1. Within the range 12-19, identify whether any single residue is at pLDDT below 95 and under 19 Å from residue 67 (Cβ atoms), and answer yes or no.
2. So residue 43 clears everything in (1) over 18 Å from residue 4 (Cβ atoms); (2) surrounded by 11 or more Cβ atoms within 10 Å (Cβ to Cβ) except one condition, right? Which one?
3. State whether one or more residues within the range 25-40 are at pLDDT below 95 and not in a helix (DSSP H, G or I).
4. Which pairs do you get when a residue that is under 9 Å from residue 63 (Cα atoms), found in the range 1-19, comes within reach of a residue that is loosely packed, with under 13 Cβ neighbours inside 10 Å, reach meaning Cβ atoms under 6 angstrom, with the pair 6+ apart or on two chains?
5. Pull up the range 1-24, narrow it to residues that are part of a loop (DSSP other than H, G, I, E, B) and touching a helix residue (DSSP H, G or I) at 6+ places or on another chain (Cβ under 7 Å), then point me to the one that is surrounded by the most Cβ atoms within 10 Å (Cβ to Cβ).
6. Give the residues of the range 1-45 that are under 13 Å from residue 55 (Cβ atoms) and touching a strand residue (DSSP E or B) at 6+ places or on another chain (Cβ under 8 Å), sorted by residue number.
7. Could you tell me which residue of the range 50-66 is nearest to residue 7 (Cα to Cα), considering only residues that are touching a residue at least 40 places away in the same chain (Cβ under 8 Å) and in a helix (DSSP H, G or I)?
């Protein structure tokens with residue numbers, strides 16, 4: 001069974017006034033990784049998804065939607 005993962009990273013990031021670069025720095029990634037996650041080109045690891053959610057101040061299931 002394939003699981004599709006959607007995310008609301010860009011939405012929550014913009015609400016906080018964070019650039020992709022700032023979010024990437026806070027999580028310990030490169031900006032291009034955040035861009036790829038937002039464009040749904042790739043999905044983050046569970047650990048990275050957790051870190052992104054924490055920086056955004058949201059629960060993991062608010063940021064990442066499993067379909």
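The values are calculated or read from the model by the stated rules, or taken from the named source; none is laboratory data. Predicted model only: the values in this text are computed from it and were never measured. Cβ placement follows ideal geometry from the backbone for every residue including glycine, while neighbour counts extend to all protein chains displayed.
1. Filtering the range 12-19 down to residues at pLDDT below 95 leaves none.
Taking every residue of the range 12-19 in turn, none turns out to be at pLDDT below 95 and under 19 Å from residue 67 (Cβ atoms).
2. (1)
3. Checked against the condition, which is being at pLDDT below 95 and not in a helix (DSSP H, G or I), the range 25-40 yields at least one hit.
4. 6/65
5. 8
6. 37
7. Among them, the one singled out is 63.
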